[in-house]
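The values are calculated or read from the model by the stated rules, or taken from the named source; none is laboratory data. The model shown is predicted, which means the values in this text are computed figures rather than measured ones. A quick note on method: Cβ atoms are made from the backbone with ideal geometry, for glycine too, and the neighbour counts reach across all protein chains shown.
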């Protein structure tokens, strides 16, 4: 009996939200086929493209247990405002190009690097549901990354609150402004993250509302492998 393979989907997480020319962009990638890890795929291809559509670099990363990582060195003399990232597997090329991973990463001007010590620091917090979506009724792992307007990591601590103001979780960054927390969201409930930066200034970020159905993925490191729970 013939086996039907659905379209794959790639999720990329970066070590920062913006970079200077000459810096290295580090990423981790997870591959899914429907609601399951993409077991058959062994290679991830990533195109790094400038604003004119020219491919600056084509990187190839081996996939093990539906996960991989890689890097791209932004050219030291790069003048563009962003680098476009396009990631895909060979199997994804059999489907519409809308299935390919696509993202613009901001590249900061060099003059900002020399002036950054004079400007006021404006921290921000990014939230990343590990499976791409927040799904009601199951355990969800939310990774976060805090950095300033120049991409430098910021140490934070915070709490997860429900719509009644009840604190459900406390968390703090572990390294480079990054960390994670887990919780079980309820359908129809709004959740908010309240966090304080290194200067003890409080900020508020709403979580996207949980979906009634979807894919919730957790990746747990083991001694010699990654354990992926879907």
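Worth a mention:
- Residue check for residue 162: assigned by TED's automatic domain parsing to the domain that holds residue 72 and either exposed (fewer than 13 other Cβ atoms within 10 Å of the Cβ) or free of Cβ contacts under 8 Å to residues at least 40 places away in the same chain (or both): no
- All of (1) within 17 Å of the chain's Cα centre (by Cα); (2) without any contact (Cβ under 8 Å) to a residue 40 or more places away in the chain hold for residue 52 with one exception: (1).
- Count of segment 165-178 residues which are surrounded by 16 or more Cβ atoms within 10 Å (Cβ to Cβ) and at negative phi: 3
- All positions within segment 66-93 that are outside any strand (DSSP E or B) and either touching a residue at least 60 places away in the same chain (Cβ under 8 Å) or in contact with a strand residue (DSSP E or B) (Cβ under 8 Å, 6 or more places away or on another chain) (or both): 66, 74, 75, 78, 80, 81, 89, 90, 91, 92
- Taking segment 118-152 as the range and being surrounded by fewer than 21 Cβ atoms within 10 Å (Cβ to Cβ), closer than 16 Å to residue 175 by Cα, more than 14 Å from the chain's Cα centre (by Cα) and modelled with pLDDT of 90 or more as the test, only 124 passes.
- Among the residues making up segment 24-49, those that are surrounded by 18 or more Cβ atoms within 10 Å (Cβ to Cβ), farther than 18 Å from residue 90 by Cβ and without any contact (Cβ under 8 Å) to a residue 60 or more places away in the chain are 27, 48, 49.
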